[in-house]
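Just so it is clear, none of the values below were taken in a lab; they were calculated from the coordinates. In this text, all values refer to a predicted model and were calculated from it rather than measured experimentally. Here Cβ is always computed from backbone atoms with ideal geometry, including for glycine, and neighbour counts include all displayed protein chains.
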Amino acid sequence: MASAYSSETVDDITDITESLKQLSVARAQINSLRKQNESLKKQLNEKDLTASNEPSTSSSSGKIELSIIGTIKTKFKERRGVPRQPGLCPLAQACLTISNSIFTNPNHALEGLSDFSHMWVLFHFHKNETTHVHAKVSPPRLNGLRTGVLGTRSPHRPSPIGLSLVQIDKVEGNSVYFSGVDMIDGTPVLDIKPYIPHYDAPASLRSDQHVSLFDNGSHQILLDPLTTDREAPDGEETDTYDMPLSPLHTRVRVPLWITEPLMQQLTVEFSPRAREFLDTLDTNDIEATIVSILKEDPRSVYVRERYSNQFYTFLIGGYHVSCKFDDNKHTISVYRISYVDNMENVPDQEGAQCLSID
């Protein structure tokens with residue numbers, strides 16, 4: 001009996017050992033699948049537009065494939081603190097490098113671009129992790145009110161594509177350096193086009209012209225006198241090209257919340273400690289950039305309503321900026337600016353590190 005019991009015990013131990021081995025193999029396979037899944041998720045997030053080097057269309061799926069022509073390098077390593085619109089931080093600079101996977105000689109593709117002062121940048125909101133697109137959104141200037149997403153510049157769109165007008169600083173090799181950036185570091189670019197005011201500007205406003213403004217109740221309309229000073233279309237250049245602008249080019253209509261936002265700009269103040277740090281820097285653009293970002297209140301409506309007065313931190317370049325909002329006085333105090341040791345390990349968590357002080 002004892003012998004039989006011992007034999008059964010040995011068999012049980014053997015079975016348990018085999019089960020443990022199988023469990024170990026299963027765990028290893030699960031971990032491998034998890035890693036593959038994470039890798040696929042990362043690839044999908046980076047190429048949400050199914051961008052490839054061979055553009056094509058698919059009418060049955062309602063999707064298109066676009067090529068990424070290059071990536072942008074900026075001081076903004078995370079979404080927090082990135083200017084909401086181009087030109088809000090005119091001193092904020094960036095560099096677009098054209099990929100040689102698109103052009104054998106990418107510098108050839110940039111030939112002639114330096115003759116222009118500005119360009120349009122068409123890019124992908126690659127950090128937009130929204131899985132459901134809402135028909136109505138709450139832009140910051142509406143202060144919580146909702147309007148149609150296609151009537152705003154919200155990044156949370158059916159096709160997460162951004163469009164920015166920036167100033168060209170210089171063109172070197174296969175890179176374009178520009179100012180007025182409102183993009184995060186690593187942003188993939190789909191296309192760039194030179195800005196031509198004769199075609200792109202709805203109204204040619206000059207300092208010697210009188211511009212009238214009237215309100216029709218829900219919109220404000222800019223009226224500009226007709227001008228015949230317009231460049232001829234490509235291939236139709238003549239010495240006497242003379243064509244008045246169409247009504248589209250002489251009248252610009254915008255909703256009232258664009259010209260008269262429901263929230264006012266904030267007053268930005270620096271503590272003696274922060275001022276002392278700024279005085280030690282060799283560059284003077286950091287202070288101007290911080291002011292440009294903070295005076296427009298970079299907080300989302302949700303964060304602003306949930307935390308009335310709060311501490312707020314964000315990164316710009318290699319600097320960590322800490323500040324405190326006073327929503328009653330409409331001020332924000334920058335109380336500390338410090339260096340960031342390792343930018344690679346900084347998480348990109350919009351809305352994090354907002355602490356209520358009430």
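Points to keep in mind about this one:
- Derived scalar couplings ³J(HN,Hα) [region 294-299; Karplus, 6.51 cos²θ - 1.76 cosθ + 1.60; whole Hz; x for Gly, Pro]: 6, 5, 8, 6, x, 5
- Evaluating 6.51 cos²θ - 1.76 cosθ + 1.60 at θ = phi - 60° for every residue in region 78-88, the Karplus couplings come out as 9, 5, 4, x, 5, x, 6, 9, x, x, 5 Hz, glycine and proline recorded as x.
- For region 269-275, Karplus couplings with θ = phi - 60° (6.51, -1.76, 1.60), whole Hz, Gly/Pro x: 10, 10, 6, x, 5, 5, 5
- Which listed pairs, of 73/193; 63/170; 73/127; 63/193, have C-alpha distances above 26 Å, in listed order: 63/170
- Burial order of peptide ranges 190-201, 23-34 (average beta-carbon count within 10 Å, highest first): 190-201, 23-34
- Here is the size of region 283-342 from its Cα atoms: Rg then Dmax, 12.0, 36 Å.
- Charge context of residue 331, other residues only, Cβ under 12 angstrom, K/R +1, D/E -1: -1
- The protection proxy used here, the mean number of other Cβ atoms lying within 10 Å of each residue, ranks peptides 13-19, 94-100 as follows, highest first: 94-100, 13-19.
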